[in-house]
Amino acid sequence: MDYFEALKTSQEQSPPPAAHSPLPLPAMHNVEETINYIKHTCSDLYFTSDSDEPVQIYQLSNPGLQALEASISKLSLPSAHDFAVFVAGDADSMEDFVAEKKPVAGFFERLCNQQVTEQQKQLAESLKRAFDVLTEEPGTDSACYRIGVLPNIEVYVVMLIDGQVVGIKTVSVET
């Protein structure tokens, strides 16, 4: 068998690359597993706008949860204004301040389409799938918040699971 035949044979026997995160999807309502899954899945993801910014884990602390308790007790995430007040303080007086709440689908469509390597695309799709699966049951919610002053808008893509807010955070530079 020559080199090219051996190469072809080894490629045929190699399993295809995994089309998902190296971890299985977290169990429903298990916040610790969800956080671990997000940490591993977004470790090599970047959000591309006018710059490439890392995608990072985001979790509200206990004081943060208490501050947003009124909305969370209704089993839904807060309004854009309430979330903005929490993360940015009293921003109503700031000129060109952005506070928007959008569905997560638009963010994930953009994130999945802009990844450079096949592995990054698979990780982004895996993260999207986790958000979809974990927020399809009653008592869960998800949202994409855009908060800040142009040109740097902080983007929070979060879900409400078992009374806790977890997700990802990145920056969109918009000049």
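The values are calculated or read from the model by the stated rules, or taken from the named source; none is laboratory data. None of the values given here were measured: they were computed from a predicted structure. Cβ: placed from backbone, ideal geometry, glycine included. Neighbour counts: every protein chain shown. Surface accessibility is based on the protein's heavy atoms, side chains included, excluding ligands, DNA and RNA. Shrake-Rupley method; radii C 1.70, N 1.55, O 1.52, S 1.80 Å.
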Check: Can you tell me which residues in region 20-36 are open to solvent by less than 60 Å² (accessible area, probe 1.4 Å) and in contact with a helix residue (DSSP H, G or I) (Cβ under 6 Å, 6 or more places away or on another chain)?
Finding: Ser21, Leu23, Pro26, Ala27
Item checked: Residue check, Glu118 loosely packed, with under 15 Cβ neighbours inside 10 Å, without any contact (Cβ under 8 Å) to a residue 24 or more places away in the chain and of a type in the set (D, E, K, R) -> no
Note to self: Looking only at helices (runs of 4 or more DSSP H) that lie completely in region 1-95, which have at least 3 residues being at pLDDT 75 or above and under 18 Å from the mean Cα position of the chain (by Cα)?
What the structure shows: 31-41, 80-88
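I'd like the full set of residues that are of a type in the set (Val, Ile, Thr) and under 18 Å from Val116 (Cα atoms), limited to region 22-63.
Matches in region 22-63: Thr41, Thr48, Val55.
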Next item on the list: Being without any contact (Cβ under 8 Å) to a residue 40 or more places away in the chain and either surrounded by fewer than 14 Cβ atoms within 10 Å (Cβ to Cβ) or within 21 Å of Pro54 (Cβ to Cβ) (or both) is the filter here, so list the residues in region 82-109 that pass it.
Entry: Gly89, Asp90, Asp92, Ser93, Ala105, Gly106, Glu109
Note to self: For region 129-146, which positions are crowded, with 19+ Cβ neighbours inside 10 Å, part of a helix (DSSP H, G or I) and without any contact (Cβ under 8 Å) to a residue 60 or more places away in the chain?
What the structure shows: Phe131
Checklist line | Scope region 102-138; condition under 12 Å from the mean Cα position of the chain (by Cα) and within 16 Å of Tyr37 (Cα to Cα); matching residues | finding: Leu123, Ala124, Glu125, Ser126, Leu127, Lys128, Arg129, Ala130, Phe131, Asp132
Check: Out of all the residues in region 149-172, is one or more part of a loop (DSSP other than H, G, I, E, B), out of contact with any helix residue (DSSP H, G or I) (no Cβ under 7 Å at 6 or more places or on another chain), in contact (Cβ under 8 Å) with a residue 60 or more places away in the chain and open to solvent by 20 Å² or more (accessible area, probe 1.4 Å)?
Finding: yes
